[in-house]
Amino acid sequence: MRIGVVTEEYHPSHGAVGAHVQGFAREARRLGHVVRIVSGGEPGAADDRSDDLVRVGSSRAVLRGGRVARATGGRGLGAALRDVLARERFDVVHVHSPLTPVLPLLALHHASGAVVGSFHETGKPGLLARLARATLQRHVDRLDAVIAVSRAAAAGVSADLQSELRVIPGGVDFERFSRGRRLRRFADGKLNVLWVGRPEPRNGLDKLIVAFARVRRQLDARLVVVGGGPRLPAYRARVPRELEDDVVFAGEIGDDLPDWYASADVVCAPAQGPSSGATLLEAMAAGKPVLASDVAGYRDVIQHGREGELVAPDDPAAWARAILRLSREPQRAAAYAERGLHTAQRLAWPGVAREILGVYRSIGVCG
């Protein structure tokens, strides 16, 4: 079948939605389907133009809900997207974050065939969304099938749905993340605590820095921070001077990200309100024990005491205790890692992609 995937978030910007789109597209193509990704044009993205990726308009970074997101603009954007959809003649258009300006809403307006929407965000709609409820409802009614990446994301879909909502978690590239190799620079006997994400208030890096300071008083350890963004200098400034040599800010990491996971002894995910657990799945595929915030979006992926532990998100002392406990109980950490591998294998992209393709077929899309 011919599948069009419309998303504001895609390479070269980093994030869970873009990784989700890329993982699904790769697996669907492997199964013989034609997948075109439609996203906004970004500076630095000219080298990834191909038959599989269509850029329209101009994408810019915007602040949305306390996080850095993308929004596409430009003269003639609606007409350009309409022309792409007409030319490609997709059997199904799959729109990610369908009620988000600008491309997703335009895609719902211009698509003429079957349309599927995937919701990735948690929380209630903002003021503008509530004021535009009637308009948004018309767009929701355009969806032939609705997917949420977690029960937490499903709870945030407050509009009245005419179609059934399915919860299908995001997948993980198990083969890629299971093949990482420990970086030599981190093989010095220190406990390596890894944090991966975009440095923003919602992702809890500030709490982990405080927790790490407690850990460092009792243990020879290192905090490794992977991820970049405009707020990164502010988080560097939060590190106490006496700990600067023990905190590594790696910035954005590309193809060798699995090696950074492989170098960790424990992966910490202290986010405040995630909708899904992409980082947790990557860590588990790498065979690492996980400590994660005790919040709805993570409870869909990790069971406390099985693949890792759930920790109160706003309690640095609890995070410090959990890190120290795993460092002192290697058998517990190894058991978490082993169970995590099984969970990651179950949620690898081959199985998840087939579930999504099954949704397409359930609304009459053949191929």
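The values are calculated or read from the model by the stated rules, or taken from the named source; none is laboratory data. From a predicted model like this one, the values you see are computed outputs, not experimental measurements. Backbone-built Cβ (ideal geometry, glycine too); neighbour counts: all protein chains shown.
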Which residue pairs have Cβ atoms closer than 7 Å, lie 6 or more positions apart in sequence or on different chains, and pair a first residue in region 55-78 that is over 19 Å from Ser275 (Cβ atoms) with a second residue that is at pLDDT below 80 and surrounded by 15 or more Cβ atoms within 10 Å (Cβ to Cβ)?
Arg55/Ala45; Ser59/Glu42; Ala61/Val68
Scanning region 317-365 residue by residue, those among the acidic types (Asp, Glu) and over 15 Å from Val267 (Cα atoms) turn out to be Glu329, Glu355
With Ala28, Ala69, Ala79 as the choices, which residue is farther than 14 Å from Val6 by Cα and at pLDDT below 95?
Ala69
Report every pair of residues separated by at least 6 positions or lying on different chains whose Cβ atoms are under 9 Å apart, first residue within region 187-210 and over 26 Å from Arg328 (Cβ atoms), second part of a loop (DSSP other than H, G, I, E, B) and charged (D, E, K, R).
Arg198/Arg231; Pro199/Arg231; Glu200/Arg231; Pro201/Arg231
Within region 57-91, how many residues are aliphatic (A, V, I, L, M), crowded, with 16+ Cβ neighbours inside 10 Å and within 23 Å of the chain's Cα centre (by Cα)?
3
Quick check on region 266-294: of everything there that is surrounded by fewer than 20 Cβ atoms within 10 Å (Cβ to Cβ) and at pLDDT 95 or above, which residue is nearest to Arg214 (Cα to Cα)?
Asp294
Sort through Ala145, Ala155, Ala211 and tell me the only one that's under 17 Å from Glu121 (Cβ atoms) and either among the hydrophobic types (A, V, I, L, M, F, W, C) or not assigned by TED's automatic domain parsing to the domain that holds Val301 (or both).
Ala155
Return yes when Ala344 is buried (at least 20 other Cβ atoms within 10 Å of the Cβ) and more than 29 Å from Arg176 (Cα to Cα) and no when it is not.
no
Yes/no for Ala237 being in contact with a strand residue (DSSP E or B) (Cβ under 9 Å, 6 or more places away or on another chain) and of a type in the set (A, V, I, L, M):
no
Tally time: how many residues in region 79-113 are assigned to a helix (DSSP H, G or I), free of Cβ contacts under 8 Å to residues at least 40 places away in the same chain and not acidic (Asp, Glu)?
10
Between Arg142, Arg176, which is modelled with pLDDT of 80 or more and closer than 30 Å to Glu252 by Cα?
Arg176
